[in-house]
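In what follows, a single structure is set out as structure tokens and then discussed.
The values are calculated or read from the model by the stated rules, or taken from the named source; none is laboratory data. Here the structure is a predicted model, which means the values were calculated and not measured. When we count neighbours, we look across all protein chains shown, and the Cβ atoms used for this are built from the backbone with ideal geometry, even at glycine. Remember, those area values only see protein heavy atoms, side chains included, never the ligands or the DNA or RNA. Shrake-Rupley method; radii C 1.70, N 1.55, O 1.52, S 1.80 Å.
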Amino acid sequence: MAATPNGISSSNGGLIVSFGEMLIDFVPTVSGVSLAEAPGFLKAPGGAPANVAIAVTRLGGNSAFIGKLGDDEFGHMLAGILKENGVSTGGVNLDKGARTALAFVTLRADGEREFMFYRNPSADMLLTPDELNLELIRSAKVFHYGSISLIVEPCRSAHLKAMEVAKDAGALLSYDPNLRLPLWPSAAEAKEQILSIWDKADVIKVSDDELSFLTENNEVDDKAAMSLYHANLKLLLVTLGDKGCRYYTKHFHGAIDAFRVKTVDTTGAGDSFVGALLCKIVDDQSIIEDELRLKEVLKYACACGAITTTKKGAIPALPTPSQVVGLINGDQIF
């Protein structure tokens, strides 16, 4: 996929720009052990916004990534992975004074994750508003982001400016909070900052755990979900792990069942889901208003998320269209 000097892909699909962190996940080679007990680790590129960008291109879409990496071997490796996967890198900055972020991710026996982060500070935290590729942002049909980039300055200001520029240029704003409590000074600060930009988004995806955290309610139901709905929101999605997802718009709501697969590692499943959704709606946002078409898209997105859980690490597990169709049609078993 060719790119212009500004880092904007020359392919025909609408551009999805993903903003935030990219890092190295170190995943234990065996499941169900603590970090101290792990005999070794598998190096896996990750970071939710970068996962989304690669999920899009893996499915045939057009994406770019905006963020900052260390000017070190890991940073150059990650930039290379973006390029290898067809993601435009015109928004990637390198920092000579800070390292690329690392995360050690333990896989519990049930496939769920626990995190230990190395950011003191890491390069992604140091992106400044002046370093943003504004032309790239203005070219986006969809601008996607999380909440980790809100934790500290100067990245927080860069995040807010990028959102504003994208919105002014007419982009659909897509928000996945991707809650990582160990990174925040406190749970209260996490909630406050995650909700501080809530009413700017057109599409929001939360997990069931994030829904409980933000509503301070253990009940994951329609009432809890709708308490997070805001006037400008077009689509709210709640992912439920192996129970599928729920969707909410101004005019209808419903649920999509999960696909049954052999889960190895849930890392990146939500990002794969989001990437698939954005890839399908970027050139036809009217899908959000048509329940039958939206359900087909969400079924596809659920299949993508399910396949991503069948391998360790996020990016290596992101599916291709043929794999997704194979799972939906029952031609492939994962």
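Structure data summary
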| quantity | calculated |
| --- | --- |
| Index of the failed condition, ALA64 passing every other in (1) at pLDDT below 90; (2) surrounded by 18 or more Cβ atoms within 10 Å (Cβ to Cβ) | (1) |
| Matching entry among ALA166, ALA158, ALA140 (being aliphatic (A, V, I, L, M), farther than 23 Å from THR215 by Cβ and part of a loop (DSSP other than H, G, I, E, B)) | ALA140 |
| Criterion: under 21 Å from TRP198 (Cα atoms), among the aliphatic types (A, V, I, L, M) and in contact with a strand residue (DSSP E or B) (Cβ under 7 Å, 6 or more places away or on another chain) - qualifying residue of LEU172, LEU181 | LEU172 |
| Subset of segment 236-278 [of a type in the set (A, V, I, L, M, F, W, C), part of a strand (DSSP E or B) and open to solvent by 40 Å² or more (accessible area, probe 1.4 Å)] | ALA255 |
| Check on ARG156, farther than 23 Å from GLN285 by Cβ, under 19 Å from the mean Cα position of the chain (by Cα) and open to solvent by 50 Å² or more (accessible area, probe 1.4 Å) | yes |
| ALA166 more than 25 Å from THR267 (Cα to Cα), in contact (Cβ under 8 Å) with a residue 12 or more places away in the chain and either open to solvent by less than 60 Å² (accessible area, probe 1.4 Å) or not hydrophobic (A, V, I, L, M, F, W, C) (or both) | yes |
| Filter result for LEU233 (open to solvent by less than 20 Å² (accessible area, probe 1.4 Å), in a loop (DSSP other than H, G, I, E, B), modelled with pLDDT of 95 or more and more than 23 Å from SER157 (Cβ to Cβ)) | yes |
| Leading residue by the ranking (modelled with the lowest pLDDT) among those in segment 26-46 that are open to solvent by less than 10 Å² (accessible area, probe 1.4 Å) and under 16 Å from GLY75 (Cβ atoms) | ALA44 |
| Restricting segment 279-319 to residues that are among the acidic types (Asp, Glu) and within 21 Å of ALA171 (Cα to Cα), the residue that is most open to solvent (accessible area, probe 1.4 Å) | GLU289 |
| Test: residue in segment 218-225 that is among the charged types (D, E, K, R), part of a helix (DSSP H, G or I), touching a residue at least 24 places away in the same chain (Cβ under 8 Å) and open to solvent by 20 Å² or more (accessible area, probe 1.4 Å) | yes |
| All positions within segment 195-204 that are in a helix (DSSP H, G or I) and in contact with a strand residue (DSSP E or B) (Cβ under 9 Å, 6 or more places away or on another chain) | TRP198, LYS200 |
| Residue within segment 205-213 that is open to solvent by less than 30 Å² (accessible area, probe 1.4 Å), among the hydroxyl-bearing types (Ser, Thr, Tyr), out of contact with any Pro (no Cβ under 6 Å at 6 or more places or on another chain) and assigned to a helix (DSSP H, G or I) present | yes |
| Members of segment 23-69 found to be closer than 21 Å to GLY305 by Cα and part of a loop (DSSP other than H, G, I, E, B), listed by number | SER31, GLY47, LEU59, GLY60, GLY61 |
